[in-house]
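Reviewing the structure listed below.
The values are calculated or read from the model by the stated rules, or taken from the named source; none is laboratory data. Quick caveat: nothing in here was measured; it's all calculated off a predicted structure. No Cβ is skipped: glycine too gets one built from the backbone with ideal geometry, and neighbour counts run over all protein chains shown.
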Amino acid sequence: MPVTLRILVDADACPVKDEVYRVALRYAVPVRIVANQFIRLPADPLIERVLVDSGFDAADDWIAAEASPATIVVTADILLADRCVKAGATVLGANGRPFTAASIGQAVATRALMADLRAMGDVTGGPAPFSKADRSRFLSALDEAIVRLRRTGS
């Protein structure tokens, strides 16, 4: 029996929730918005809120436990992305860049390096502001991921 394709969104500070809804509804793909606080959702049976405990990494733990090859995970959290890639999920950052088995190691290492540099005071800024190009890249990447997973039967 084929597993149903679905999208899991790490909703904390996710700037592309509306884009997820739009693409998911076009393809009739179920979406779960995972957060530890109430988030308003569109009234559609395909979109579900998953409210987790407020414990540290509770949303990440829930998403990682649910991740599978038939899952698209949307997150900016590199450590969560690593866990989901290892579970076989397709993982997209909000900027549309995929996290893959080939790229996740470098992303985790870069995250650790930047954390060390920030701790030493050498780096004080964060990532570049979210842009229209990021939003467009995300829409395209999500569309492509759904089409690919449907074609491969995951």
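Structure notes:
- Number of residues in region 40-51 that are farther than 22 Å from Leu5 by Cβ and touching a helix residue (DSSP H, G or I) at 6+ places or on another chain (Cβ under 8 Å): the value is 0.
- Residues that are out of contact with any Lys or Arg (no Cβ under 8 Å at 6 or more places or on another chain) and within 28 Å of Arg26 (Cβ to Cβ), drawn from region 50-62: Leu51, Val52, Ala59, Trp62
- Flag if Ala76 is in contact (Cβ under 8 Å) with a residue 24 or more places away in the chain, in a loop (DSSP other than H, G, I, E, B) and farther than 22 Å from Tyr27 by Cα: yes
- Criterion violated by Thr4 - all others in (1) modelled with pLDDT of 95 or more; (2) hydroxyl-bearing (Ser, Thr, Tyr); (3) closer than 13 Å to Ile72 by Cβ satisfied: (1)
Per-residue answers, yes or no, for (1) modelled with pLDDT under 95; (2) among the aliphatic types (A, V, I, L, M); (3) buried (at least 21 other Cβ atoms within 10 Å of the Cβ):
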position: Arg22; (1), (2), (3): no, no, no
position: Arg26; (1), (2), (3): no, no, no
position: Trp62; (1), (2), (3): no, no, no
position: Val73; (1), (2), (3): no, yes, yes
position: Asp82; (1), (2), (3): yes, no, no
position: Phe99; (1), (2), (3): yes, no, yes
position: Ser103; (1), (2), (3): yes, no, no
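- Test: residue in region 22-29 that is under 11 Å from the mean Cα position of the chain (by Cα) and either closer than 14 Å to Ala76 by Cα or outside any helix (DSSP H, G or I) (or both): no
- The condition (being touching a Gly at 6+ places or on another chain (Cβ under 7 Å), closer than 25 Å to Phe130 by Cβ and among the hydrophobic types (A, V, I, L, M, F, W, C)) is satisfied by just one residue among Ala76, Ala35: Ala76.
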